[in-house]
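Participant: What follows is a single structure, and I will ask about it in a moment.
No value in this document is a laboratory result; all are computed from the given coordinates. All values derive from a computational prediction rather than experimental measurement. In this analysis, Cβ positions are derived from the backbone assuming ideal geometry, glycine residues included, and neighbour counts consider all displayed protein chains.
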Amino acid sequence: MKKNYLRLACLMFLILLLPSTGKGQTLGVSSNALGWAALSPNLGVELGFAKQWTVSVDGLVNPFTYENGKKSKVWLVQPEVRFWPRHKFSGHAFGLNADYGQYDWAMKKTGYKGDMIGVGASYAYAYSLSNRWNIEAQIGAGYHWLFFDNRYDRKDPHSSIGPRDRNTFGLTKLGIKFTYFIF
C-alpha cells in the first residue's frame, strides 16, 4: 500500500515539473527509423523545458549474434540538450550530446569488447506532420573514447589480447526520427 502512495506522489511530482503553459508540444516519445533499418531497436524521450530548449535521452540496443561467431552486440544511452531558434520541436535545432555504451563487436577476424564514451554536437531539422506527430532529420559529429576490455579472435572467443583504447572522431548521430507527442 505504501508503494502505491509513493508511486502516486512521484507521478504527481513529475507532472508538476511539466511546463504549465498548455501550448503545443511538451513531451514526446521518438524512434529513429535508420536505427531500425540497421536492426537496432531504439527509443527516445524528449522534454521541452523552455520556449526554445529541449532535453532528450535516446537509447538503442543491438543484441544479435550471427552465424560463424559474428556479432554486433551493443547498447547505448545518449542524453542531449537542444536549442531551437524559432520554437521547440519545429524547424532547425542545434544540440550538444554525450553518450555511453558497451559493445561486443566481432564481424572480422578480431573481436572487440568494451565501453565507449563520447561527446558531440548535432544539427536537426524537424517538420510537424500533425499536432501529435513530428518527423526530424538529424546528424551529429563528435569524439569517442573506446576502451577495449578484451580483444579476441572471433574463432576462439576465450583468447584475449588484453586491454587497449582507441580515440576516434566521427558521427555520433544520424537518423530520421519520428516523434509522437504525449503532452
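Participant: Among His144, His87, which comes first, then next, by fewest other beta-carbon atoms within 10 Å?
Facilitator: With the sparsest Cβ surroundings first, the list reads His87, His144.
Participant: Cα atoms only: what Rg and Dmax, in Å, come out for segment 19-126?
Facilitator: Computed over the Cα atoms of segment 19-126, radius of gyration and Dmax are 16.8, 56 Å.
Participant: Using each residue's phi in segment 33-40, evaluate 6.51 cos²θ - 1.76 cosθ + 1.60 at θ = phi - 60° and report the 3J(HN,Hα) Karplus result to the nearest Hz, with x for Gly and Pro.
Facilitator: 5, 5, x, 5, 5, 8, 6, 10
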